[in-house]
Amino acid sequence: MPPIRAGLPAPPGGESVFIPGMIEFANPVSQFKRSDPKNEFHVDQAASNVYYVVASAYDYQSIAAKRRVLLWRTRMTVAADGVSQEQTLPTLVASAAPFFGRDMPEAEILSKRALREGTVEVGTPTVVESPAVPRSGKK
């Protein structure tokens with residue numbers, strides 16, 4: 001009997017009617033990713049290493065009365081590969097701040113690099129003459 005491929009049994013006495021490319025094409029997650037570039041980004045990010053932040057705001061009076069009334073909640077993620085939380089989270093929260101408390105019909109994708117602290121010191125400029133290049137072909 002032929003081997004089972006990608007979890008699909010072969011029909012009795014025959015090969016599977018699905019080839020690997022068809023299986024990938026019919027995969028519901030792949031269909032979802034292909035339907036919108038944002039979907040592809042979000043699915044890929046969910047399968048990657050990320051830092052995840054949740055910011056929640058509660059009604060102050062309800063907290064004082066020992067019953068929490070949520071006013072809004074914002075969820076944020078940022079890629080974690082090669083960077084620390086200390087490098088990324090301040091930029092993540094500052095970048096997402098304009099969206100806090102807003103009703104968002106879909107997720108927003110922002111692209112911003114974290115600025116590292118540093119300084120550059122430039123000394124007094126000097127002119128360096130290029131050495132004379134002999135012309136070729138003349139004797």
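The values are calculated or read from the model by the stated rules, or taken from the named source; none is laboratory data. On a predicted model such as this, the values are computed, not experimentally measured, just so you know. Reconstructed Cβ throughout: ideal geometry from the backbone, glycine too, with neighbour counts over all protein chains shown.
The single condition among (1) modelled with pLDDT under 90; (2) among the aromatic types (Phe, Trp, Tyr); (3) outside any helix (DSSP H, G or I) that Trp72 does not satisfy is (1).
Evaluated against (1) in a strand (DSSP E or B); (2) surrounded by 13 or more Cβ atoms within 10 Å (Cβ to Cβ), Tyr52 falls short on exactly one condition, (2).
Only a single criterion out of (1) modelled with pLDDT under 85; (2) outside any loop (DSSP other than H, G, I, E, B); (3) hydrophobic (A, V, I, L, M, F, W, C) is not satisfied by Val78, namely (1). Contact map, region 71-100: first residue within 30 Å of Gln61 (Cβ to Cβ), second residue of a type in the set (A, V, I, L, M, F, W, C) and part of a helix (DSSP H, G or I), Cβ cut-off under 8 Å, separation 6 or more or different chains; pairs are Thr74/Ala96; Thr74/Phe99; Met76/Leu92; Met76/Val93; Met76/Ala96.
Per-residue answers, yes or no, for (1) surrounded by 11 or more Cβ atoms within 10 Å (Cβ to Cβ); (2) out of contact with any Ser or Thr (no Cβ under 8 Å at 6 or more places or on another chain); (3) at pLDDT 75 or above:
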{"site": "Leu8", "(1), (2), (3)": "yes, no, no"}
{"site": "Pro12", "(1), (2), (3)": "no, yes, no"}
{"site": "Pro20", "(1), (2), (3)": "no, yes, no"}
{"site": "Asn27", "(1), (2), (3)": "yes, yes, yes"}
{"site": "Asp36", "(1), (2), (3)": "yes, yes, yes"}
{"site": "Asn39", "(1), (2), (3)": "yes, yes, yes"}
